[in-house]
Structure formats: structure tokens, C-alpha cells
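Novice: What follows is a structure written as C-alpha cells; I'll ask about it next.
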Amino acid sequence: MVILVAGPSTPSQELAASIAGTINARLVTAKTKIFPDGEHYVRITERLNNEKVYIVQSLSPPQNDSLIQAMLLADAALGAGASSVGLIAPYIAYSRQDKRFLEGEPISIRVVLKALRSAGYDELVTVEIHKPGSLEWFDGRTVNLSPYEYMAGKLDIKGDILVLAPDRGALHRAKKLAAALGAEYDYLVKHRDRVTGDIVMEPKEIPAKGRIVILVDDIISTGGTIAKAAKLLATQGAERVYALVAHALLVGNALEKLKNSGITRVYSANTVIKKNSPILEYIDIGPLIARALSV
């Protein structure tokens with residue numbers, strides 16, 4: 001029997017329960033605490049009896065805490081008798097720094113993946129990492145799940161649908177979602193200043209008039225990209241605008257930006273900590289992850 005150990009973060013515990021229920025796995029909850037000086041403590045109180053173990057730990061914010069907890073849990077599981085340890089990390093922090101954009105920068109995701117491997121993980125299962133090629137830096141089995149087709153099956157959106165990527169780099173996501181919905185797809189033209197982070201969207205004629213538009217991307221962080229896209233589509237006559245993403249980080253005033261953009265609803269997989277808003281809806285992808293495990 002496979003054993004799942006739920007990490008301490010809220011999304012990790014919810015996903016672990018969903019995965020365990022799907023494959024009838026044994027679910028173990030780790031004890032954790034933070035020492036007065038800020039250091040983390042974890043303990044797995046049950047013997048793992050030479051079994052295959054998966055740690056379920058999203059590396060969502062506070063990402064530095066989540067990463068340290070994940071590394072400690074690997075060593076704790078091996079110490080408790082696990083034959084091998086895999087990490088189910090639906091969101092992997094630092095994945096957007098996948099190359100040296102400016103001189104003197106680190107390749108942050110390479111550092112993170114090598115650290116996880118060194119901690120004792122021989123398998124890594126994640127959801128829509130920013131660049132799948134980054135997983136080459138993890139010396140073990142890797143699975144990168146695309147959630148869009150699965151999420152499409154959970155939507156209740158009727159009408160003439162157009163799926164849009166916010167930039168050309170996300171076009172493959174729009175293609176997958178559109179295929180699942182039987183819809184057309186296209187992309188917008190976006191430029192981001194690498195120093196300031198400012199976003200500029202070039203005018204592009206999109207056949208959006210009178211249609212329902214679904215914007216699809218991997219991450220909503222500050223909300224600027226999706227908000228600008230929604231406003232642009234409103235000027236082109238879109239009937240309603242939705243967003244569908246793998247990871248709704250929603251940092252700072254992202255929710256306010258999205259509300260002010262006129263967007264109808266944001267759908268997100270449950271990979272990071274949930275936030276409460278009438279425009280947010282989360283889709284449980286535990287069953288999707290469960291099917292990808294080597295059990």
C-alpha cells in the first residue's frame with residue numbers, strides 16, 4: 001500500500017486527502033512546529049514499514065518555509081522506514097527564474113530541484129511547472145501534469161467560447177483547453193519589462209464581440225496580465241470574460257485588480273492557499289494527481 005504524508009500547508013492537506021481517497025492510500029499527517037528562533041521542526045510519528053511514501057507539500061507562499069518543510073519531511077520519512085520517498089508538489093516555487101535573464105542572477109529553479117533531490121526525493125510530481133524543461137535538473141522520475149483538460153470537464157460555461165492565451169508563450173495552454181471545450185483559440189501580444197515588471201499589451205484584433213472568452217495561463221501572481229487582457233477584451237465587445245489558471249497566487253491587490261477589470265470569474269486548481277472572493281472558484285485536481293503516481 002502506498003502511504004501519503006500530508007505536509008503542513010493547507011493546500012497540501014486538502015490535496016493529500018483527495019489523492020488518498022481516490023487511490024485508497026494510507027494517509028499520515030506529520031507533526032510540525034516552529035521554534036522560537038524561526039526554525040522548523042517536523043516529525044512522522046508512525047512507522048512506514050519499508051513502504052513507498054509520497055510527501056504532499058505545495059511549495060506555495062510562504063515558499064521558503066514550504067521548501068524547508070519539504071526537505072525535512074523527506075529525511076523524516078526515510079528515517080521512519082520508508083523504502084523510497086516521492087514529492088507531490090503541485091506548485092513549485094522559484095520556477096519562473098529558469099535562466100539568467102540578467103548578468104549575475106542565479107538559475108533559481110535549478111538550485112531548488114537539486115536541493116530536493118539531495119534531501120532524499122527520488123520522484124517529483126508537479127502541476128504545470130513554468131517551463132517543463134526545468135525538470136531535467138531533478139535527477140529522478142518526474143511528472144509534470146497539465147490540468148487544463150481535466151479542469152475543462154468541471155466547467156459549466158455555455159455559449160460561443162473563445163479561448164485566449166495572454167501571450168504567445170502560453171498558446172499551448174489555450175490549445176489544450178480549447179480542444180477539450182471544442183472551441184477556437186488565439187493569443188494576445190504581451191511585453192514585460194524585465195527590470196520593472198511593467199506589462200504592455202499591444203492592440204490586436206480579436207474576434208471577441210458577443211462571445212464568451214476564457215483566458216488561460218499557468219499563474220496569476222499580481223493579476224496585472226489577466227486584468228489588462230480582460231479590459232482589452234471588453235473594449236472589443238466580449239460578452240463575458242473568465243480566467244482559468246493552474247496556480248492563483250493572487251499576491252498584493254491582485255483580487256482588486258481582477259474585480260475592477262470586469263472579469264466574471266477566475267477558476268484555479270487547488271494547488272496553493274485558497275482565498276475567499278465571489279469571483280474565485282477552485283477545482284480539486286486530487287484525482288488527476290492520483291492517476292499519475294507510480295503505484
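Novice: Hey, what did the chain get for relative contact order, percent, Cα under 8 Å, at least 6 apart?
Specialist: The value is 15 percent.
Novice: Let me ask another. Label points 7 Å out from Cα along the Cβ direction at Arg291 and Ala115: separation in nm?
Specialist: Once both label points are built, they end up 3.3 nm from each other.
Novice: On a full-extension model of 0.36 nm per residue, what is the gain between Arg141 and Arg168, subtracting their alpha-carbon distance, rounded to one decimal in nm? Walk me through the numbers before you get to the answer.
Specialist: Numbers: separation 27, 0.36 × 27 = 9.72 nm, distance 2.93 nm.
Difference between extended and current length: 6.8 nm.
Novice: Could you work out the relative contact order of region 112-187, using alpha carbon pairs under 8 angstrom and six or more residues apart, expressed as a whole percent? Could you put the intermediate results ahead of the total?
Specialist: Numbers: 89 pairs, mean separation 18.8, N = 76.
Reported as a whole number, the value is 25 percent.
Novice: How large is ³J(HN,Hα), in whole Hz, for each residue of region 8-24 in order, when computed from phi with the Karplus curve 6.51 cos²θ - 1.76 cosθ + 1.60 and θ = phi - 60°, using x for Gly and Pro?
Specialist: Result, ordered by residue: x, 6, 4, x, 5, 5, 5, 5, 4, 5, 5, 5, 4, x, 6, 10, 6 Hz.
Novice: Within straight cross-link reach of Lys257, meaning Cα distance under 16 Å, which aspartates and glutamates are found once same-chain residues fewer than 8 apart are removed?
Specialist: Leaving aside aspartates and glutamates fewer than 8 places away in the same chain, those within reach of Lys257 are Asp198.
Novice: Could I ask something else about it? Rounded to the nearest 500, what is the 222 nm mean residue ellipticity of the chain from helices alone, with -39500 (n - 2.57) per DSSP H run of 4+ residues and division by all residues? Display every interim value, and only then the final one.
Specialist: Working: 8 runs with 83 residues, N = 295.
So the helix-based figure for the chain works out to -8500 deg cm²/dmol.
Novice: Ordered by packing density, taken as the mean number of other Cβ atoms within 10 Å over each peptide's residues, highest first, how do 28-39, 214-225, 70-81 rank? Walk me through the numbers before you get to the answer.
Specialist: On the way: 28-39: 11.8, 214-225: 22.9, 70-81: 21.3.
Taking the mean over residues of other Cβ atoms within 10 Å, the ranking is 214-225, 70-81, 28-39.
Novice: If I model a spin label at Arg100 and Asn64 as a point 7 Å from the Cα along the Cα→Cβ vector, what separation in nanometres do I get?
Specialist: Using points 7 Å along Cα→Cβ, the separation is 2.4 nm.
Novice: Based on the Cβ-Cβ distance from Lys33 to Asp156, what FRET efficiency comes out when R0 is 51 Å, to the nearest 0.05? Please report the intermediate quantities before stating the final value.
Specialist: On the way: r = 42 Å, r/R0 = 0.82.
Once rounded, the FRET efficiency stands at 0.75.
Novice: While we're on this one: How would you order 257-263, 235-241 from highest to lowest mean count of nearby Cβ atoms within 10 Å? Can you show the working numbers first?
Specialist: On the way: 257-263: 19.0, 235-241: 16.7.
Per-residue Cβ counts within 10 Å, averaged per peptide and sorted highest first, yield 257-263, 235-241.
Novice: Moving on to the next point. For Lys99, which aspartates and glutamates qualify as cross-link partners when the Cα separation must be under 17 Å and same-chain residues fewer than eight apart are set aside?
Specialist: Candidates past the 8-residue exclusion: Glu136, Asp193.
Novice: Now for a different question. With point charges of +1 on the Cβ of Lys and Arg and -1 on the Cβ of Asp and Glu, referenced to the Cα centre of region 3-145, which listed residue (Thr126, Ser66, Leu113) lies farthest in the positive direction of the dipole?
Specialist: Thr126
Novice: For a quick check, take a GNM of the chain with Cα springs below 10 Å and name the residue from Val189, Val53, Val272 with the largest mean-square fluctuation.
Specialist: Of Val189, Val53, Val272, the Gaussian network model singles out Val189 as fluctuating most.
Novice: With a point put 7 Å past each Cα toward its Cβ, work out how far Lys231 is from Arg26 in nm, to one decimal.
Specialist: 5.5
Novice: How many angstrom lie between the Cα centre of region 221-254 and the Cα centre of region 121-171?
Specialist: Computed from Cα coordinates, the inter-centre distance equals 18 Å.
Novice: Which whole-Hz ³J(HN,Hα) couplings does region 32-41 yield from phi under the Karplus relation 6.51 cos²θ - 1.76 cosθ + 1.60, θ = phi - 60°, glycine and proline marked x?
Specialist: After applying 6.51 cos²θ - 1.76 cosθ + 1.60, I find 9, 7, 10, 5, x, 8, x, 6, 8, 10 Hz.
Novice: Next question. With a 10 Å cut-off between alpha carbons and a GNM built on the chain, which of Pro132, Pro90, Pro62 moves the most?
Specialist: Among Pro132, Pro90, Pro62, the largest mean-square fluctuation in the Gaussian network model of the chain belongs to Pro62.
Novice: Moving to a separate point now. Along region 258-272, what does the Karplus equation 6.51 cos²θ - 1.76 cosθ + 1.60 (θ = phi - 60°) give for ³J(HN,Hα), rounded to whole Hz, x for Gly and Pro?
Specialist: My calculation for region 258-272 gives 5, 4, 5, 6, x, 5, 6, 7, 10, 9, 9, 5, 8, 9, 10 Hz in order.
Novice: Take the residue pairs Lys209/Lys275; Lys154/Lys190; Lys131/Lys158; Lys190/Lys231; Lys154/Lys176 and return only those whose Cα atoms are more than 25 Å apart.
Specialist: On the way: Lys209/Lys275 31 Å; Lys154/Lys190 29 Å; Lys131/Lys158 32 Å; Lys190/Lys231 14 Å; Lys154/Lys176 15 Å.
Going by Cα-Cα distance, Lys209/Lys275; Lys154/Lys190; Lys131/Lys158 fall outside the 25 Å limit.
Every read-out reported here was derived from the displayed coordinates using simple, explicitly stated rules and does not represent laboratory data. Keep in mind the model is a prediction, meaning the values are calculated, not measured. Note: ideal-geometry Cβ built from the backbone for every residue, glycine included; neighbour counts use all protein chains shown.
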